[in-house]
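**Student:** Sharing a structure below in structure tokens format, with a few things to ask.
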Amino acid sequence: MTRMTRRILVTGACGQIGSELTPVLRARYGNDHVIATDIRPPETACLADQGPFEQLNVCDRETMERIIASYEIDTVYHMAAILSATGEERPSLAWDVNICGLMNVLEIARERQLHRVFCPSSIAVFGPETPRACAPQTTILQPTTMYGITKVAGELLGEYYVQRYGLDVRGVRYPGIVSSETPPGGGTTDYAVDIFYQALRTGSYSCFVREDTVLPMMYMPDCIKATIDLMDADFDSLEGHCNFNIAGMSFSAKQLADEIAKHIPGFVCTYEPDFRQAIADSWPRTIDDEAARSQWGWTPQYDLQSMTEDMLEKLGTRLSAE
Ligand code: AKB
């Protein structure tokens, strides 16, 4: 792939992952070659100042088509989605955004014969019937959330477009993502980010899952690396396309709180599980990412210790400047 000739569209560019992926793509391909889009305008000027920004509701196919045509887009990173907790509160919205939005991307990509499309999936494709430890990539996928249902359908749709139309569609199953720039919104794994904000701001946190809740997690630099590495991979080396397990680390809510307390003495975490506990309990504790490792060289860099140290430093600097 010749890097500088790509013209990239990012949907959900103001979200947790999009807001950090977009600047990395702009640094690689040039600011004017990466069009950031989101349903809402950026909260900080930087996304719109660095390069083109367009307001886009992914359910609005006409506007998506106009943007893709007018910027001569050939590659899409489709990051817009409704996550698991919001999906349980608003299941029909989750279906519309996650399925209709994805179909719009795939259909436009097929019609315009785009070069490559990234459609992320999630550990939410798993359900209570999946093995809880070292969940295989190919296993029982019977999620109990609307978000999980849309992600299973999304993986199947992506693979269908690969097989039926020869479109190059790729995706990983993101675990919970921990990051310091843009807070996540509406996910079950959000506690693993909220805890850092509250530890730094107030020295205490009331966690919405039990202390023994263990989930697969990943630090943002690894999440960006996985996204870019998969998109750079040689198509012929991929046996599957849209369903790669990627593991970073797994820890319990208490292990995270204890790690933070090493840096913020006196930090207190209490546990008051709400409806998100049932979602967390339906997901595996650890996952097997052998296919990603062997097919496109995936390796994470961060563990719980190094992530916590970096998060506290970066978020601490950002919050003290506010
Ligand atoms: C969520 O919690 O819904 C997301 C996810 C695991 O995909 N962070």
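**Student:** Just to verify a number: FRET efficiency for R28 and D234, C-beta to C-beta distance, R0 = 22 Å, to 0.05?
**Tutor:** Efficiency for this residue pair is about 0.80.
**Student:** So for the pair D49, K262, with labels modelled 7 Å out along Cα→Cβ, what separation do we get in nm?
**Tutor:** The two pseudo-label positions are separated by 3.7 nm.
**Student:** Only Cα pairs under 8 Å and at least 6 apart count here; give the relative contact order of the chain as a rounded whole percent.
**Tutor:** Relative contact order for the chain comes out at 18 percent.
**Student:** Quick one: which residues, 5 or more positions from I35 or on another chain, have an amide H under 5 Å from its amide H? H modelled 1.01 Å from N in the peptide plane, none for Pro or chain starts.
**Tutor:** Close amide H contacts, sequence-distant or interchain: I8, L9, V10.
**Student:** Something else about it: Can you find, among L319, V268, L256, the residue sitting farthest towards the positive end of the charge dipole of the stretch 230-322, where Lys and Arg contribute +1 and Asp and Glu -1 at Cβ?
**Tutor:** Sorting the options by dipole projection puts first V268.
**Student:** Using a 1.4 Å probe, how large is the accessible area of R112, given in Å² and rounded to the nearest 10?
**Tutor:** 110
**Student:** Quick one: if the Förster radius is 25 Å, what FRET efficiency do E129 and A153 give, using the C-beta to C-beta distance and rounding to 0.05?
**Tutor:** 0.90
**Student:** Here's a follow-up. Restricting everything to alpha-carbon atoms, can you work out Rg to Rh for the stretch 137-296 with a Kirkwood hydrodynamic radius?
**Tutor:** Result for the stretch 137-296 is an Rg/Rh of 1.02.
**Student:** Here's another thing I want to ask about it. Report the calculated FRET efficiency for D310 and R201 (r = Cβ-Cβ distance, R0 = 22 Å), to the nearest 0.05.
**Tutor:** Step by step, r from the Cβ atoms, then E = 0.75.
**Student:** Can you list the residues of the stretch 17-54 with backbone N under 17 Å from a point 7 Å past the Cα of T317, pointing along Cα to Cβ?
**Tutor:** Within reach of a label on T317: 20, 24.
**Student:** Taking the Cβ of A69 as the center, what net charge do the other residues with Cβ under 15 Å away carry, scoring Lys and Arg +1 and Asp and Glu -1?
**Tutor:** -3
**Student:** Pop out the Kirkwood hydrodynamic radius of the stretch 56-210 from its pairwise C-alpha distances, inverse of mean 1/r, in Å to one decimal.
**Tutor:** Kirkwood hydrodynamic radius for the stretch 56-210: 16.9 Å.
**Student:** Just to make sure I understand: if all protein chains stay in place, what is the order of H78, H33, H263 by accessible area at 1.4 Å, largest first?
**Tutor:** Sorted descending by solvent-accessible area, the residues read H263, H33, H78.
**Student:** Restricted to Cα positions, what overall size does the chain have along the principal axes? Three whole-Å values, descending.
**Tutor:** So the three principal-axis extents are 56, 46, 37 Å.
**Student:** Explain nothing, just compute: Karplus ³J(HN,Hα) = 6.51 cos²θ - 1.76 cosθ + 1.60, θ = phi - 60°, for every residue of the stretch 294-307 in order, whole Hz, x for Gly and Pro.
**Tutor:** With coefficients 6.51, -1.76 and 1.60, one gets 7, 8, 9, x, 5, 8, x, 9, 9, 10, 4, 5, 5, 5 Hz.
**Student:** For the chain, which whole percent of the accessible surface, found with a 1.4 angstrom probe, sits on carbon and sulfur atoms?
**Tutor:** 49
**Student:** Hey, in the GNM for the chain with a 10 angstrom Cα cutoff, which one of G176, G240, G158 fluctuates hardest?
**Tutor:** Among G176, G240, G158, the largest mean-square fluctuation in the Gaussian network model of the chain belongs to G240.
**Student:** Could you sort the peptides 130-143, 8-21 by per-residue average Cβ neighbour count (10 Å cutoff), highest mean leading?
**Tutor:** 8-21, 130-143
**Student:** Near C207, within a Cβ-to-Cβ distance under 11 Å, what is the net charge of the other residues, with Lys and Arg +1 and Asp and Glu -1?
**Tutor:** Charge balance in the 11 Å sphere: -2.
The values are calculated or read from the model by the stated rules, or taken from the named source; none is laboratory data. These figures come from a predicted structure and were not determined experimentally. Here Cβ is always computed from backbone atoms with ideal geometry, including for glycine, and neighbour counts include all displayed protein chains. Just the protein is used for accessible areas: all its heavy atoms, side chains included, with ligands, DNA and RNA removed. Shrake-Rupley method; radii C 1.70, N 1.55, O 1.52, S 1.80 Å.
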